[in-house]
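The values are calculated or read from the model by the stated rules, or taken from the named source; none is laboratory data. Just so it is clear, the model here is predicted, and its values are computed rather than measured. Cβ placement follows ideal geometry from the backbone for every residue including glycine, while neighbour counts extend to all protein chains displayed.
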Amino acid sequence: MPSTMPARGSLVTVEAFPLGPFETNCYLVYRSGREAAGSACWVVDAGYEPGALVERVRELRLSPRALILTHTHADHIAGVDEVRDVLGVPVWVHEAEASWLTDPMLNLSAAVGLPVTARPAERSLCDGEALDLAGAAWRVLHTPGHSPGGISLYQPESRLVLAGDALFSGSVGRTDFPGSDPSTLAQSIRLRLYTLPDDTTVYPGHGPETTIGVEKRSNPFVRA
Ligand SMILES: [Zn+2]
Ligand SMILES: [Zn+2]
């Protein structure tokens, strides 16, 4: 079963599904209390073996509106075409990685000998873009460094951010991949994430959730 974590204020509910061999956290996001009403939802990232996530969308009878990608490394996109086809949703990705879905060299899957591709995204996202999910306002924060098109999705009223592989509990994303850059990642974390309120819950691409305040105080890799 996924862990269900109704955010404070209960505007938005986030359910985490750690999928595949890398336990990539893929998320189901929807307005709290409206799950039985065909309410709009997003799927954020689609890793290997996304069946449990798809089943959950059906169980709650949600109406999926988009599959949003925090970035396009293989473990976050291996299930993209399965999810988009089964749920009938468009795929949204930051413009800097628009070409990565179709290119196993860029999405790093070629490096492990199991090429992953997905059809091109339907929509490109850019920094600062405002998104709406069932009346809840979200903002796209470009947080590159782990990869050039990494984004975080921020919902101010619920004090939560889905940070992809930029920031983890007690760690940060790897920066030894092609296209990664350590100083860019540190800058993204300091300028885009550590500037959010301390009580903002961080839902990372791997591992448990944390808060901005805890990471600012104790993350050994990027100091506030
Ligand atoms: Zn990654
Ligand atoms: Zn990852």
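Numerical summary
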read-out	value
Whichever residue in segment 164-183 is surrounded by 15 or more Cβ atoms within 10 Å (Cβ to Cβ) and over 17 Å from PRO220 (Cα atoms) and, among such residues, is modelled with the lowest pLDDT	GLY179
Test for ARG84: is it away from ligand 2 (no atom under 16 Å from the Cβ), surrounded by 16 or more Cβ atoms within 10 Å (Cβ to Cβ), within 17 Å of the chain's Cα centre (by Cα) and assigned to a strand (DSSP E or B)	no
Inter-residue pairs, beta-carbon under 8 Å, first at negative phi and in segment 177-192, second loosely packed, with under 15 Cβ neighbours inside 10 Å, 6+ apart	SER180/ARG174; ARG190/ALA224
Some residue of segment 165-183 being assigned to a loop (DSSP other than H, G, I, E, B), away from ligand 2 (no atom under 16 Å from the Cβ) and aromatic (Phe, Trp, Tyr)	no
Residue list for segment 193-209, filter: more than 16 Å from ligand 2 (Cβ to nearest atom) and either touching a strand residue (DSSP E or B) at 6+ places or on another chain (Cβ under 8 Å) or on the phi > 0 side of the Ramachandran plot (or both)	LEU193, LEU196, ASP198, ASP199, THR200, THR201
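Matching residues to (1) at pLDDT 95 or above; (2) among the basic types (Lys, Arg):
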site: GLY79; (1), (2): yes, no
site: ARG84; (1), (2): yes, yes
site: GLY88; (1), (2): yes, no
site: VAL91; (1), (2): yes, no
site: GLU95; (1), (2): yes, no
site: ALA98; (1), (2): yes, no
site: ASP103; (1), (2): yes, no
site: LEU114; (1), (2): no, no
